[in-house]
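First up is the structure itself, then whatever we jot down about it.
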């Protein structure tokens, strides 16, 4: 029997990679977020999606939340069904960890509902299973950030080991989302075009920048974090999927951003700013203008790094 008949969970958007940390780095955002309500029912899994719900399947076998729910009900022999209502605040297919938020919310929510007392690592492993429905692959960068909050480093996948670091209080994130069509399997496609082999020069470049980014978070140095957001392997390939990428990046840096990168698999782009510089408005305007140069409208917003999934209600 469940401890609670209904739980309501808040799950944050997240940014993966941050440049050189492909499948390794993740950053939780304060906004936007999903609100997920899980209610115990007699049997089965039912899903309904509200809010920004374009292209989100409600078939449990094709929805990240449904996949997670199905796994947990079976794996833990939970004698119940669940009804899942997702009030989607994170735009799907944007590169802001929309699918990860749904997966993490259900893993966390069912853990609370049935009092399973799972660790962060267990919740991450379970949440990553849901990503197969969206990306075709169990990757844990977004779900780790969604579960833990702040900045995460996946030191190892097998066995899973995740390192969590607090973000500097003066770190701001400017996000720009271009209004371009994306396919339901956008992340899977974005992975399929990646090079199977990289040169030693590119490997050295990315290791150096990834290491210095981790140091930047450890020291609370926003400018070092920004300087480290340079990728020689993944972003040069994925940039071809984002019209205006170079205009946006150049414009943001000239406006005072500390660093710029694609948000996960895109098409969103992010700029890290030091709030002491008071340049966030100029950076957002510049990024929108960058997309406008190639005839693409975009929405921009400012946010901060944020906490991980949290329980809003339980009854």
Grab the DSSP H runs of the chain that are 4 residues or longer, score each as -39,500 (n - 2.57), total them, divide by all residues and round the 222 nm result to the nearest 500 deg cm²/dmol. -10500 deg cm²/dmol
Starting from the Cα gyration tensor of the stretch 171-303, take the square roots of the eigenvalues, sort them a ≥ b ≥ c, and report rounded, prolate or oblate (rounded when a/c is under 1.5, otherwise prolate if a/b is larger than b/c, else oblate). oblate
So which residue, out of 203, 96, 29, gets the largest mean-square fluctuation from a GNM of the chain using Cα contacts under 10 Å as springs? 203
Hey, quick one: spin label on residue 212, modelled 7 Å out along Cα-Cβ, who in the stretch 219-241 has an amide N within reach, i.e. under 20 Å? 219-236
Which residue fluctuates most in the GNM of the chain (Cα springs below 10 Å): 162, 36, 207? 207
Can you tell me the FRET efficiency between residue 155 and residue 132 if r is taken as the Cβ-Cβ distance and R0 is 22 Å, rounded to the nearest 0.05? 0.50
Between the modelled labels at residue 116 and residue 54 (7 Å from Cα along Cα→Cβ) the distance in nm is 3.3
Build a GNM of the chain with springs between Cα atoms under 10 Å: which of 200, 241, 171 gets the top mean-square fluctuation? 200
Hey, what angle do you get for helix 245-254 against the long axis of the chain, alpha-carbon based, 0 to 90 degrees rounded to 10? 70
Using Cα extents along the principal axes in Å as the read-out, say which of (1) 64, 40, 40; (2) 56, 47, 45; (3) 57, 40, 39 was calculated from these coordinates. (3)
So how far apart, in nm, are the two label points at residue 204 and residue 289 if each is 7 Å from Cα heading toward Cβ? 3.8
Under 14 Å from a point 7 Å along the Cα-to-Cβ line of residue 312: which residues of the stretch 4-37 have their amide N that close? 7-13, 31-37
Using a 10 Å cut-off around each Cβ, can you sort 249, 3, 129, 46 from fewest to most neighbouring Cβ atoms? 3, 46, 129, 249
Sort 88, 166 so the one with the fewest other Cβ atoms within 10 Å of its own Cβ comes first. 166, 88
Calculated diffusion of the stretch 36-163, Stokes-Einstein form, Kirkwood radius summed over Cα pairs, 20 °C and 1.002 mPa s, µm²/s: 148
Quick note, the stretch 192-258: a/c under 1.5 would make it rounded; otherwise a/b > b/c is prolate and the rest oblate (a ≥ b ≥ c, C-alpha gyration tensor); here it is oblate
Figure the gain on full extension for residue 193 and residue 223 (residue separation times 0.36 nm, minus the Cα-Cα span) and round it to one decimal in nm. 7.7 nm
Quick check: the angle from helix 64-75's long axis to the longest principal axis of the chain, C-alpha only, nearest 10 degrees? 40
In degrees from 0 to 90, rounded to the nearest 10, what is the angle of the helix 200-219 Cα long axis to the longest principal axis of the chain? 70
May I ask you to sort 292, 79 by Cβ crowding, counting other Cβ atoms within 10 Å and putting the fewest first? 79, 292
Roughly speaking, what is the stretch gain from residue 74 to residue 165, that is 0.36 nm per residue apart minus the C-alpha to C-alpha distance, in nm to one decimal? 29.4 nm
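Taken together, the values in this text are just the output of simple stated rules run on the coordinates, not laboratory data. Computed from a predicted structure; not experimentally measured. Cβ atoms come from the backbone with ideal geometry, glycine included; neighbour counts cover every protein chain shown.
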